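**Q** Just dropping this structure here.
The values are calculated or read from the model by the stated rules, or taken from the named source; none is laboratory data. Note that the structure is a prediction, hence the values are computed from the model and not measured. Positions of Cβ are backbone-derived with ideal geometry, glycine not excepted, and every protein chain shown enters the neighbour counts. The accessibility values were calculated without ligands, DNA or RNA, using every heavy atom of the protein model including side chains. Shrake-Rupley method; radii C 1.70, N 1.55, O 1.52, S 1.80 Å.
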Amino acid sequence: MNQLIVNIKNLHFSYHKTKQDIENLELKIPKGSIYGFLGPNGSGKSTTIRLMLGLLKKNSGTVVLFGQTFNSKTRLQILNRVGALIENPSLYDHLDAVDHLRIAANYRQNIAFTRIDEVLEIVKLTQAKNKKIKEYSLGMKQRLGLAISLLSNPELIILDEPTNGLDPKGIIEMRTLIKDLNKKYGTTIFISSHLLSEIEKTCTHVGIIRDGKMLYQDTVAGLKESQGTNLKIAIEVDKPTEALSVLKNLKMEHSALLDDLLQIEVKNKEEITAVIDILRAERINVYQVSIKNDLEELFLSLTEN
């Protein structure tokens, strides 16, 4: 996965002369990856996408997609290989899914109408293809928007906050759909989001941006490894002070109490079982054990001033 679908270098952009909205940004999206573009609201994610698609004119820097420099001569050729769902799709309540896809197909070159049934099957809307959009849930509308972006069978799909506003069921459906697109068709997918949990569950690579600057860019696995190999555990017991004393006597490092929860570090999950056995041998009841998410702490440390 060394070939880069997107390679952006030294990107600069300003809406106003007094402030740099995108500053010296580098973005590298490997072919076949699911790349999560992560950052707080207002960090420059949507602006970067618009610069990538030529919807905004950059001040300086280079944007290379599929090995071609993006400019006025290559723009149409490149964009024919890209699908995008930016925020919520614009849909007409009185039309059905097939109507929308036929209209979209007419605006594109060399798309057979048989492709409409194919993309409806991909996004799991075949059974609802003749329903009016006013009968669609928000999740169904998002999937239809994705179907429209898939019409030209793009090599790269750009999704801006694809789970924004969705209920838990809709979020899971979108997550599954994204993974299936990547696995079955080899589609490279770029997801802009402010939700760390979704990036962690969905993506292979991640870039973290704040105030228009790239703070971190690597694989999700590399991000986890950067936090060390130990697991941070929170344990709920009936006698927290006594339990802490037991662990201190065993010279367990990094053991503490926080909000009446034991906080410890272990090398692996097997050590969790050993700790529980020790506590129960001391007649301390264990009610709950949870593994803390270090990625949340890293994300907050990078994105908060």
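**Q** Treat each spin label as a single point 7 Å out from the Cα along the C-beta direction, and report the L258 to T114 distance in nm.
**A** Distance between the two pseudo-spin positions: 5.8 nm.
**Q** Taking a virtual spin label 7 Å from the Cα of L79 along the C-beta vector, which residues in the stretch 27-52 bring their backbone nitrogen under 17 Å of it?
**A** Only 47-52 fall inside the zone, counting backbone N under 17 Å.
**Q** Still on this structure, please answer the following. Could you tell me the relative contact order of the stretch 1-151? Use alpha-carbon pairs under 8 Å, at least six residues apart, and round to a whole percent. Don't skip to the answer; put the middle values down first.
**A** Details: 192 pairs, mean separation 30.5, N = 151.
Reported as a whole number, the value is 20 percent.
**Q** When the accessible area of the stretch 49-198 is computed with all protein chains present and a 1.4 Å probe, what percentage of it is carbon and sulfur? Write out the running numbers ahead of the final one.
**A** Working: 3830 of 7780 Å².
The computed percentage sits at 49.
**Q** Then there is this: Mean separation of Cα pairs under 8 Å and 6+ residues apart, divided by the residue count of the stretch 179-228: what relative contact order is that in percent?
**A** Working: 31 pairs, mean separation 11.0, N = 50.
Once normalised by length, the contact order is 22 percent.
**Q** I would also like to ask the following. Would you mind checking which residues have amide H under 5 Å from S192's amide H? H placed 1.01 Å from N; only 5 or more apart, or other chain.
**A** F37, L159, D160, E161
**Q** So, one more: For a label point 7 angstrom out from the Cα of K31 toward its Cβ, which stretches of the stretch 60-89 have the backbone nitrogen within less than 14 Å?
**A** Flagged as within label range: 65-68.
**Q** Taking the Kirkwood radius as the inverse of the mean 1/r across Cα pairs, report the Rg/Rh of the stretch 185-285. Walk me through the numbers before you get to the answer.
**A** On the way: Rg = 18.9 Å, Rh = 16.5 Å.
When Rh is taken as the Kirkwood radius, the ratio is 1.15.
**Q** Over the stretch 47-173, what is the percentage of antiparallel beta bridges among all DSSP beta bridges, to the nearest 5? Numbers along the way, then the final one.
**A** Working: 3 of 8 bridges.
If I count the DSSP bridges inside the stretch 47-173, around 40 percent turn out antiparallel.
**Q** Classify the stretch 102-199 as rounded, prolate or oblate, taking a ≥ b ≥ c as the square roots of the eigenvalues of its Cα gyration tensor: rounded when a/c is under 1.5, otherwise prolate if a/b is larger than b/c and oblate if not.
**A** Because a/c hits 1.5 or more and a/b fails to exceed b/c, the stretch 102-199 counts as oblate.
**Q** Just to confirm the filter: which trypsin sites (Lys or Arg not before Pro) across the stretch 171-247 are DSSP coil and have at most 16 other Cβ within 10 angstrom of their Cβ?
**A** Sparse-neighbourhood loop trypsin sites (Lys or Arg not before Pro): none present.
**Q** What FRET efficiency would be calculated for the residue pair N106, T62, taking the C-beta separation as r and a Förster radius of 45 Å, to the nearest 0.05?
**A** Values: r = 34 Å, r/R0 = 0.75.
Taking R0 as 45 Å, the efficiency between N106 and T62 is 0.85.
**Q** Tally the DSSP beta bridges in the chain and give the antiparallel ones as a percent, rounded to 5. Mind showing how you got there, number by number?
**A** Details: 34 of 53 bridges.
Restricted to the chain, the bridges split so that about 65 percent are antiparallel.
**Q** I would also like to ask the following. Rounded to whole Å and sorted largest first, list the principal axis extents of the Cα atoms in the chain.
**A** 73, 49, 35
**Q** Continuing with the same structure: Taking a ≥ b ≥ c as the square roots of the eigenvalues of the Cα gyration tensor of the stretch 1-111, is the shape rounded (a/c under 1.5), prolate (a/b larger than b/c) or oblate? Don't skip to the end; give the middle numbers.
**A** Working: a/c = 1.88, a/b = 1.48, b/c = 1.27.
In terms of gyration-tensor shape, prolate.
**Q** Return the distance in nm (one decimal) between the two label points of a simple spin-label model at T69 and S90, each offset 7 Å from Cα along Cα→Cβ.
**A** Going by the 7 Å Cα→Cβ label model, 3.2 nm.
**Q** For Cα pairs less than 8 Å apart in space and 6+ apart in sequence, what is the mean separation divided by the residue count of the stretch 230-274, i.e. the relative contact order in percent?
**A** Values: 58 pairs, mean separation 21.6, N = 45.
About 48 percent, as a whole number.
**Q** For the chain, which DSSP H helices look membrane-span-like by this rule: Cα extent along the axis of 20 Å or more and mean Kyte-Doolittle of at least -1.0?
**A** On the way: long enough: 168-185 (25 Å, -0.64).
Span-like helices here: 168-185.
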